[in-house]
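One structure is given here, and the rest of the page talks about it.
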Amino acid sequence: MYYLWVDYILFGFVDMNSQKFLIPDGIEYYTGVEAILFQNLKNSVLKIFNKYKYEFVVTPVIDSLNNLNNLNGDNLKNYTISLSNRKELGIRADITPQISRLDYQSYKKDKSNKFSYMGDIYRESESSFDRNNPFQVGAEYFGNISDDIDISLLKMCYEIVTLSKTKRIIIELSDSFFINTYIKSLKLNDNEKKQLIDLISLKSIDEINQYYKTKKLSSRKLNELNDLLKLDGTINIIKKIQDFSKKYNYKSQSNIKSLRSITNKIKNLKNIEIIIDLCSLNSMDYETSFNYTFYVEKLRTPIAFGGRYESYLLKDGTTRHATGFSVDLKDVITIYEK
């Protein structure tokens with residue numbers, strides 16, 4: 001051992017006992033009671049997946065960029081980090097694209113797939129308050145989407161969130177059809193769209209007004225957006241959504257029907273409050289129609305996201321539709337411990 005220690009000194013090895021064990025900002029470790037709690041929560045989530053009969057799959061943290069960025073959405077691409085020595089590989093920022101690839105590989109006509117998953121992801125952030133290594137758990141359904149499927153997924157997500165022992169849950173329902181239809185009508189370029197979406201996300205009325213003035217967009221389109229921004233409230237707002245659609249000729253009958261149906265089926269869940277906001281833009285931005293966000297007390301950011309999206313194009317040119325949700329299980333621990 002003496003000669004080995006001399007070698008360590010000669011070759012510059014560091015004595016770990018003489019160094020402080022520093023955990024990087026934004027990265028979390030679990031030890032002791034917390035580690036046991038984390039493992040128990042994972043087991044509880046697996047039981048929920050089994051209850052709803054979603055096949056559990058495991059995908060790697062490092063994958064090809066093609067597999068990690070196959071869904072439409074700038075947020076997804078911006079979060080995904082490529083490896084410096086192998087440019088074709090990256091560290092996943094979201095597990096959903098990998099699940100989409102699994103469905104693509106196992107696709108059979110007229111057959112749906114139900115996958116569940118959990119694992120580490122990595123997302124860089126400029127804020128020191130954000131977690132860089134979330135532990136994502138979720139489920140995805142591929143095939144013909146119905147309101148009943150989304151209701152089932154919402155209930156599954158609700159059961160996972162309630163593992164935190166929280167006393168109050170706000171479920172915010174939305175539908176990207178409305179904001180997408182509106183923005184498409186403006187005929188903006190990609191950069192202009194991004195600027196406007198950022199302003200809508202912040203609901204910054206003064207800056208939106210200035211944006212329309214600078215871009216010389218019509219006052220009627222500005223009024224339409226202002227009306228759209230007002231579609232934010234309790235379940236009773238659905239009537240105003242109908243009035244808005246009629247006024248501006250939005251073909252949204254099926255969207256409104258889904259909002260009403262889903263709302264009525266989940267409104268009696270324990271300790272929840274439902275709000276509807278058609279300009280809510282909190283997700284990974286690849287949702288295309290009905291979507292939702294979960295909020296709980298004592299957490300400054302959403303605890304869960306979900307919704308419908310277009311997974312990929314089939315060989316015959318049709319779209320493979322999907323819907324699903326994801327939760328950061330570490331947020332569940334945070335609330336549980338408070």
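The values are calculated or read from the model by the stated rules, or taken from the named source; none is laboratory data. Quick caveat, the model's predicted, so the values are computed rather than measured. Virtual Cβ from ideal backbone geometry, glycine too; neighbours counted across all protein chains shown.
Summary table below
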item	result
Sole exception among (1) surrounded by 15 or more Cβ atoms within 10 Å (Cβ to Cβ); (2) free of Cβ contacts under 8 Å to residues at least 60 places away in the same chain; (3) not in a helix (DSSP H, G or I) for Asp94, by number	(2)
Restricting the stretch 273-298 to residues that are farther than 21 Å from Ser258 by Cβ and surrounded by fewer than 17 Cβ atoms within 10 Å (Cβ to Cβ), the residue that is modelled with the lowest pLDDT	Lys298
The stretch 34-62: number of residues that are in contact with a strand residue (DSSP E or B) (Cβ under 7 Å, 6 or more places away or on another chain), surrounded by 13 or more Cβ atoms within 10 Å (Cβ to Cβ) and either assigned to a helix (DSSP H, G or I) or of a type outside the set (A, V, I, L, M) (or both)	8
Residues of the stretch 48-91 satisfying the condition of being among the charged types (D, E, K, R), in contact (Cβ under 8 Å) with a residue 12 or more places away in the chain and within 25 Å of Asn180 (Cα to Cα)	Asp74
The one condition in (1) aromatic (Phe, Trp, Tyr); (2) surrounded by fewer than 19 Cβ atoms within 10 Å (Cβ to Cβ); (3) part of a helix (DSSP H, G or I) that Tyr158 fails to fulfil	(2)
The stretch 314-328 - residue that is under 13 Å from Leu71 (Cα atoms) and in contact with a strand residue (DSSP E or B) (Cβ under 6 Å, 6 or more places away or on another chain) and, of those, surrounded by the fewest Cβ atoms within 10 Å (Cβ to Cβ)	Thr319
Options Asp130, Asp148; residue that is surrounded by fewer than 22 Cβ atoms within 10 Å (Cβ to Cβ) and not in a loop (DSSP other than H, G, I, E, B)	Asp148
Among (1) at positive phi; (2) at pLDDT 95 or above, the one test that Lys247 misses	(1)
